[in-house]
1. Can you find even one residue in the stretch 608-627 that is of a type in the set (Val, Ile, Thr) and within 31 Å of the chain's Cα centre (by Cα)?
2. For VAL588, indicate whether it is within 21 Å of ALA607 (Cβ to Cβ) and among the β-branched types (Val, Ile, Thr).
3. Out of (1) modelled with pLDDT of 95 or more; (2) open to solvent by less than 40 Å² (accessible area, probe 1.4 Å), the odd one out for GLY695 is which?
4. Let me confirm something: among PRO291, PRO238, which residue is surrounded by fewer than 22 Cβ atoms within 10 Å (Cβ to Cβ) and under 30 Å from ARG213 (Cβ atoms)?
5. Please work out which residue is nearest to ALA395 (Cα to Cα), limiting yourself to the stretch 421-461 and to residues that are acidic (Asp, Glu) and touching a residue at least 12 places away in the same chain (Cβ under 8 Å).
6. For residues that are farther than 14 Å from ARG111 by Cα and out of contact with any Ser or Thr (no Cβ under 9 Å at 6 or more places or on another chain), tally how many sit in the stretch 61-90.
7. Of all residues in the stretch 326-354, count the ones that are touching a residue at least 24 places away in the same chain (Cβ under 8 Å), farther than 18 Å from ASN374 by Cβ and open to solvent by 70 Å² or more (accessible area, probe 1.4 Å).
Amino acid sequence: MKSRRLVLLGALALLQAAPVSAHAPLPSIFPAEQASERAQICMGRIEAPRGERKAACDDSLRVELNRSDRADFLASRGWLAQGERAHDAALRDFEAALKATPGHLAALRGRAAVLSALGRHREAEAVIAAGLAAGMAPASLLIDRAGLRERRGDLAGARADLDRSLQREPSSAWARAARARLLQSLGEHDLALVDLDMALELEPAIASHHYRRGLSLSALKRPGEAVAAFDRALRLEPAVPQAWVERGRAFETLGHKEAALASYERALRLDPDSQPGLSRRALVLQRSGRPVQAIAAYGALLEAYPDTVFAFNNRALLLIEQGRQAEALRDLDRALALAPRDGNSLRNRARLLLALGRNGEALGDLDRAGPGRNAIDWGAMRADALLALGRAAPAREAYASVLRARPNDLAMRFGLALAEDMLGDRLAAHAAYDAVLALDPAHAGAIERQEALLPALGRSIEVWPMRLAAFLHSARQQLQREREAFWQAYHAARPQPARPARNEIAELDAALAIDGLDVARLVRRARFGIGQPQREAQARQDIATALAIEPGHPVALVQRARLHLRDGAFAEAVADCEAALRRAPRSVEALFQRARALEARGQGAAALKAYDEVLAVAPANHAALLNRGQLLQRSRQFQRALADFDAALAIDRGDADGWLSRAAVRRALGEPEAAIPDYREALALAPHRIDAALGLTQALVSAQQPSLAIDELGRLIKRHPEQAGFWNMRCLIRAVSGQVAGALPDCEEALRLAPNQSGVLHTRALVLLKRGNLDGAIADYDKALSLDARLAQAWYGRGIAHQRRGDAAEAASDFARALDLDGSAGERYRAYGVTP
């Protein structure tokens, strides 16, 4: 496309250069930036809806005077009109563009396309021929002419044009795809695959190339590869119903009925009236043994397409299986009203009419239908109808014909015997009944007829051996049934091996290896994978795929919100949860993850309200109670927090976090004695949790039980001897509780592990102060303050040491500095048992 030159009507130079006819009437003046943007929208360089593009073309044509640019706009508007099937408007725009610029390629091609759409194929070809004669973009015009020739049935001419186009431009993906499509229509799928593979090398992200490749692979009986090709197409463009249908067909060929059904369901979500989707769904349900669902599916097909003969026929068969004979007969009557000579419908109605005893009508249907593909079944039904109508001679011939193909068909043998009996040929009837009994010695009907025939033939003596043979046969069958029942009971009574634990992840992996676009399973696998390092990348890909196929899937949106939370993208997490809640307003998980995200963003009040909403929908949600309680605790609403922790523990007493959280609230309320049992419960459930052990230690100290606190720290130190903080804490507790002598070794070990930690130096200074070693205490206080000059307690303690040593000025200075940093420093030292 030529580069455009936007011309402002307000520019004096242009007004002087343009022809007079171009100025009347003067259109409104656009600012240069706005005119440029409107032009780009018209030309499709800026994406916009079709209506906006057309309006942009109208605006641009009102202000543009340059002939070549006007031709561009007219051609663009013409193609938009052509897309809406407004052929007359499109033709006017294309002809106007060609009048402005006679060699305008887009307009020439557009004019040919419109003429072809109007059925004026010869005129369209003449337009293309004129362009080719003028040397205009021959490769593109050859492709266009190939399309025109194909539409009017000249496939050889179309192929020749495409071959010539590719000779000129071998790397044209467009020409490759066009020839592949033509080759597919000719049934030459091997050659079509070659072109499609080359087109994909050039344009790997074009969904239609993958889709057409899938069609050829299906035609070549390579369904596994076809599914993979359709999957690639659908990952690029998931909203194409026919691609889902063809994917379902490939799955059917592979024998994967559930995956096929899921594909058809997806197609029908996109296009509820898709005839192939409705038809294939019903057939798969029927073939997978789900008659009730299949009947409903055929109902949906017939509601959309009431003239579908096979649907009436197949639904009738299913209704017969369900014992709904009257409804089945109505369906078969409708099928035959639409297609009076449909053999399948006639034969199926005949079978039903036989069952209803309407034998004459059944025989009429069979004779009109003819044998079809299964002459034996047709002959059997016809024989039964003839016999039921008393026409024994033709019935005998019909049974004999069937038995030549199926000599061991018991029903046909018995029918033949009845026909011979009706004809009065006792010897022939006796022989026929004998043939039945040879197949089934206990056949009640044959025994009954033989008991009547044998005396008439003077052979009564044979009746008892016949009865004995029937009795022995029945006894053997009964014995076999009893043995089978015994062994079933025996095996059921034996201890059964333990069933292996279900591995749902492995099940999901296996299912998704078959159908990689199963949204429900993709989302479920992602739920398991989030938080597992070896699976999180896969979880992210699963969620991306699920949302590409179904952008508003609420559960997928919530799982993506979880991933955003892990990434620290809290605003995005909130947005995903809000989107999920628009689709599923009572989704507990969406409400819960939204509350988490708001909490993570620091929006405490909003988070509290969000947790309230979770618990309004799910009052027994343990995690929401626990999280809300912790949020209330942080905002110092201790009584409300305590109520939430009580409720959480009533739901799950095996959760260490619940006990630990309640213990912390009780400590904050000044109830250390009540907190101690909660800490012990938490440690019983999670013995190695350091926070629980430290909380218990602090509660014991607050409850004036330092010995127990020291014992608890001893257990912690035994498990974690490398932790300086534990040694330091035990040192401090011993010093404060009067065990000064035992405190110093703990401080020494803490300093060995952390020699430059100001807090540990402060603790040892306190111990030395209490032991009266003022110089040693001052030295430790000095070192602690050199590491952390804002440690108020060290200033205060050093002040006491200076005071006791008689250095009043230094003491006063230290006390002032300490209280300036922390007004409660003196109270802390009084708690340690040390005062000025």
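1. Step one: list which residues in the stretch 608-627 are of a type in the set (Val, Ile, Thr), which gives 614, 617.
Of the ones still in play, those that are also within 31 Å of the chain's Cα centre (by Cα) are 614, 617.
Yes, the stretch 608-627 contains at least one residue that is of a type in the set (Val, Ile, Thr) and within 31 Å of the chain's Cα centre (by Cα).
2. Considered against the rule, which asks whether it is within 21 Å of ALA607 (Cβ to Cβ) and among the β-branched types (Val, Ile, Thr), VAL588 comes out as yes.
3. Unmet for GLY695, out of (1) modelled with pLDDT of 95 or more; (2) open to solvent by less than 40 Å² (accessible area, probe 1.4 Å): (1).
4. Working: PRO291 fails: under 30 Å from ARG213 (Cβ atoms).
Only one candidate passes the filter, namely PRO238.
5. To start, the set of residues in the stretch 421-461 that are acidic (Asp, Glu) comprises 421, 425, 434, 440, 448, 451.
Still in the list and also touching a residue at least 12 places away in the same chain (Cβ under 8 Å): 421, 434, 440, 451.
Working: ASP421: 12, ASP434: 19, ASP440: 22, GLU451: 23 Å.
Per the criteria, the residue is ASP421.
6. The number of residues fulfilling the criteria is 5.
7. 1
For every residue, the table says whether it meets (1) free of Cβ contacts under 8 Å to residues at least 40 places away in the same chain; (2) open to solvent by 10 Å² or more (accessible area, probe 1.4 Å).
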position	(1), (2)
ALA641	yes, no
PHE645	yes, no
LEU669	yes, yes
ALA675	yes, no
ASP678	yes, no
ALA724	yes, yes
ARG730	yes, yes
ALA735	no, no
GLU748	yes, yes
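The values are calculated or read from the model by the stated rules, or taken from the named source; none is laboratory data. In this text the structure is predicted, and so the values were computed from the model without any measurement. Heads up, the Cβs are rebuilt from the backbone with ideal geometry, glycines too, and the neighbour counts pull from every protein chain shown. Remember, those area values only see protein heavy atoms, side chains included, never the ligands or the DNA or RNA. Shrake-Rupley method; radii C 1.70, N 1.55, O 1.52, S 1.80 Å.
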